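The values are calculated or read from the model by the stated rules, or taken from the named source; none is laboratory data. Fair warning: this is a prediction, and the values are worked out from it, not measured in the lab. Heads up, the Cβs are rebuilt from the backbone with ideal geometry, glycines too, and the neighbour counts pull from every protein chain shown.
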Amino acid sequence: MEVFYNHLADWWPVISPVSNYTGECAEICRVLKARRPHARTLLELGSGGGHVAFHLKADFDCTLTDLSPAMLEVSRRLNPGCLHIQGDMRTLDLDRHFDIVLAHDAIAYMTSEADLRAAFATAHRHLAPGGLALFVPDEVLETFELGDSDLSLFGGETPDGRSARAMEWCGELAADGTTTVHYAFLLKDADGQVTTAGETHHVGVFARADWERWLEAEGFAVETVEEQTDEDRTPRFLFLGTRKEA
Ligand SMILES: C[S@@+](CC[C@H](N)C(=O)[O-])C[C@H]1O[C@@H](n2cnc3c(N)ncnc32)[C@H](O)[C@@H]1O
């Protein structure tokens, strides 16, 4: 992750434009507001460049946390009114409660049951009983096996004249529920100079039943919702967990 989320952090708004998140975040907001109309404070785990938060911050007071200081810096520029804190979603402890804890695509970096359950435990300790956690993995085992394609192309432009094209090439699923994702980037700066970069990431893909079982085991009452989307991709599962008493 050293390349994508550190050396290339400044390219995040170009590689994955904030406007791409509008529809998905409207759905996340709808799902959250339907269940917690009065919720105000939201903690995001693995908030990256703050593109999800950008679309939620009108509805929630967002506290944004990520492993990467460079990604947090990018997010600070986009979301100057949000509190930013560096931390690992498996161990973070801010010693306060929020109305909602959210982990979006960054949850893919939990590559084992122990990691995923540690992230669930982090959400749990940042919620009072009745508080709501929402996890939105890009894939679960069932959608991964549908295999829309192992290849996706994306990218964008920013007003400062930079543009980027990226390729994401997903490998086979290993027996331990992990897979590799190979990234290749073409990055054109404002002067038209193109550089290339690449990196391989290791991510976790777990079955829906495992998500639900491990959330229950970490003290949540679970509700799984299929995302409503008109985007050209398989809808995601939204895993909602209400923190049980004690
Ligand atoms: C795809 S980016 C997230 C982008 C984000 N959804 C946004 O709206 O801009 C994935 C992020 O996960 C973060 N990450 C990976 N492992 C993490 C961990 N253990 N704890 C916290 N953040 C982590 C990376 O630093 C990276 O910023």
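Within region 172-185, take every residue that is without any contact (Cβ under 8 Å) to a residue 24 or more places away in the chain and touching a Gly at 6+ places or on another chain (Cβ under 8 Å) and give me the one that is farthest from Ser149 (Cα to Cα). Break it down stepwise before answering.
Taking region 172-185 first, the residues without any contact (Cβ under 8 Å) to a residue 24 or more places away in the chain are 172, 174-175, 180-182, 184.
Those still in the list that are touching a Gly at 6+ places or on another chain (Cβ under 8 Å) too: 180-182, 184.
Working: Thr180: 14, Val181: 13, His182: 14, Ala184: 16 Å.
Only one residue tops the list, namely Ala184.
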Select from region 86-131 the residues that are near the ligand (Cβ under 9 Å from one of its atoms), part of a strand (DSSP E or B) and in contact (Cβ under 8 Å) with a residue 60 or more places away in the chain and list them in ascending order.
none
Count of residues meeting criterion [touching a helix residue (DSSP H, G or I) at 6+ places or on another chain (Cβ under 8 Å) and of a type in the set (S, T, N, Q)] in region 126-176:
2
Checked region 178-197 for anything touching a strand residue (DSSP E or B) at 6+ places or on another chain (Cβ under 6 Å) and either of a type in the set (A, V, I, L, M, F, W, C) or in a loop (DSSP other than H, G, I, E, B) (or both); matches are Val181, Ala184, Phe185, Leu186, Leu187, Val194, Ala197
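Residues are listed down the side, and each one gets a yes or a no for (1) away from the ligand (no atom under 11 Å from the Cβ); (2) more than 14 Å from the chain's Cα centre (by Cα); (3) crowded, with 22+ Cβ neighbours inside 10 Å; (4) assigned to a loop (DSSP other than H, G, I, E, B):
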position	(1), (2), (3), (4)
Gly23	yes, yes, no, no
Glu27	yes, yes, no, no
Pro37	yes, yes, no, yes
Ser47	no, no, yes, yes
Val52	no, no, yes, no
Asp59	yes, yes, no, yes
Leu64	no, no, yes, no
Got a sec? Which of Ala175, Ala209 is over 19 Å from the mean Cα position of the chain (by Cα) and modelled with pLDDT of 95 or more?
Ala209
Just wondering, is there one or more residues in region 89-102 that are farther than 22 Å from Gly204 by Cβ, touching a Lys or Arg at 6+ places or on another chain (Cβ under 8 Å), of a type in the set (Val, Ile, Thr) and outside the structural domain of Asp176 (by TED's automatic domain parsing)?
yes
For region 144-172, which positions are surrounded by fewer than 16 Cβ atoms within 10 Å (Cβ to Cβ) and assigned to a loop (DSSP other than H, G, I, E, B)?
Gly147, Asp148, Ser149, Asp150, Thr158, Pro159, Asp160, Gly161, Gly171, Glu172
Quick check on region 66-85: of everything there that is touching a residue at least 40 places away in the same chain (Cβ under 8 Å) and in a loop (DSSP other than H, G, I, E, B), which residue is surrounded by the fewest Cβ atoms within 10 Å (Cβ to Cβ)?
Leu67
